[in-house]
Amino acid sequence: NVLVDGHECSSCEVTFCADESYDQLSQGIHVNCENIVDGVSFDECSAAFENMGVLQVVASSKEFDQCIVPRPPHEACLAEAASQEIEKDGTICDCKPDQNGGFELSCVEEGCLYCSADRQICGYDTFGTTFNRLGQPTQKTNGFKYITGIQGDLVFQPVSDPSDSRQCVVSFNGEECPSCTIDTCHSTLARLRVECDNVEGGSVFDECDPNNVEGFLQYFSPSSFLQCLQKQDPMEFCEDQREFFELKDSNRGTVCSCESTESNEVTLMCSDTQCIYCSADSSVCKLDILYGGAISPLGLFVSSVDVSHYIEGQQERIAIEQFPGGSCSVFVNGEKCTRCEPVICEDESVGLDIECENVLPDAIYKACSKSLEKGPFALLSDDSFATCLAYDGTFPPASTALSEADMFGNNDLTEEGPEQTSSGSGFSSQVLFVGLLVTILIATISCNV
């Protein structure tokens, strides 16, 4: 007999059922309690467990075999919070009661900052656990807390309840997305697809096409949010970098400065006051009149610039700006070139392909073939330009601000020479993103191509 709250179920019998794996009969029970609870029955032979309801304790499974000592859910939550904060440096956790008498643990891993490829969108990994009234963990979530570029909390939760038709749940700022499925594409591997047209203007992610995603779901993109970065005070970071470069390049007469901007960024500006850079035969020489970096409010370099002016063999002024996402812009005499694209050559060296025929005839540079020995991009085609040669010209003070015309539009050098702010043409390769133009350049170089 089986009784539910003192009421006897309509039937209960022990049956024998075939066990195909052992070619023998095994015992099982069949219980029907539909007279008490609608739709509740259990047949151990057919393994039809989906309508078990209150009868699930009767099944020969291990779900109810473990002895659990109940404890207050808030104690369980606080204990797990303390454990996670100790185990993961920089993690901050919080416990709040839920609507079912349990507690919800939510943690933010502030020890690692993760950003999109261009570092315009950044945030922290998050995770959480729900504790029921017995203090037992019943549900886990993972997610991402956007702090720049996008504001809000993205949460992903797998669904393990067989009675729930959903495969997963994704929400943003507490609003659930209409669709979250796990399918296959192009292989047998499971792929995530999320549709959130109802949330914050809409966003869709399809792991079968992972690079075509915008909005708050781009955290799922496999090409971004991978590197653990450290958030830090931008001015303190700039001062550390200034000291490093001045000591590292003291033989160049390097002088650097850090300045705050109205956008809460900090610019690092450096000048090598004792160097000139020439080709191997000394037929073409240049001065690097600016290199430096813009540091975001999170303490991250967000792009780099290297501005050069030829004083022998050529007359052009060249500005090369590069961004963390791999894009770049090139300006010749203040005019933006048609194309700039980073490339990887067969020998695994990295360079730039540049097309600038809109400014000068035949101004094309192919990094892998070093296509120009002379011309405006000679500084890229001859590795000798990385060598500092002694220069005894007179330079203005490093604090002297240059106008846009001085930086790009005016090719005539004064007798004193241009203001020089360079670490040599190899600077951008030594420090990947050390640099954005100073405030006076922002109006001219403004496109993150």
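The values are calculated or read from the model by the stated rules, or taken from the named source; none is laboratory data. The structure displayed is predicted, hence computed values, not measured ones. For neighbour counting, all protein chains shown are included, and Cβ atoms are generated from backbone atoms with ideal geometry for every residue, glycine included. The area values use the complete protein model at the heavy-atom level, side chains included, leaving out ligands, DNA and RNA. Shrake-Rupley method; radii C 1.70, N 1.55, O 1.52, S 1.80 Å.
Descriptive notes on the structure:
- Per residue solvent-accessible surface (Å²) - region 231-298, probe of 1.4 Å: 43
- Rounded to the nearest 10 Å², the accessible area of Phe64 at probe 1.4 Å: 110
- Between the amide H of Gln139 and those of Thr130, distances stay under 5 Å, these residues lying 5 or more places away or on another chain, with hydrogens modeled in the peptide plane.
- Sequence-separation-based contact order of region 240-298, relative, with Cα cut under 8 Å and 6+ spacing, percent: 30
- Amide H contacts of Gly293 (H built 1.01 Å from N, under 5 Å, at least 5 apart or other chain): Leu268, Met269, Leu436
- ³J(HN,Hα) computed for each position of region 216-228 - Karplus, 6.51 cos²θ - 1.76 cosθ + 1.60, integer Hz, glycine/proline x: 6, 8, 5, 4, 6, 4, x, 9, 10, 6, 10, 8, 6
- Accessible-area composition of region 179-263, carbon plus sulfur, in percent [1.4 Å probe]: 45
- Over region 225-282, the pair-distance histogram of Cα-Cα distances with 10 Å bins from zero comes to 20, 35, 28, 14, 3 percent, rounded to whole numbers.
- Close amide H contacts of Ile311 (hydrogens built in the peptide plane, cut-off under 5 Å, sequence separation of 5 or more or a different chain): Cys285, Lys286, Leu287.
- Using the Karplus relation 6.51 cos²θ - 1.76 cosθ + 1.60 with θ = phi - 60°, the per-residue 3J(HN,Hα) values for region 82-93 come to 4, 5, 5, 5, 6, 5, 10, 4, x, 7, 10, 10 Hz, with x marking Gly and Pro.
- The GluC sites (Glu not before Pro) found in region 283-389 that occupy coil by DSSP, while having at most 14 further C-beta atoms within 10 Å, are Glu346, Glu348, Glu357, Glu373.
- Neighbour cut-off at most 13 other Cβ (10 Å), DSSP loop, GluC sites (Glu not before Pro), region 198-240: Glu214
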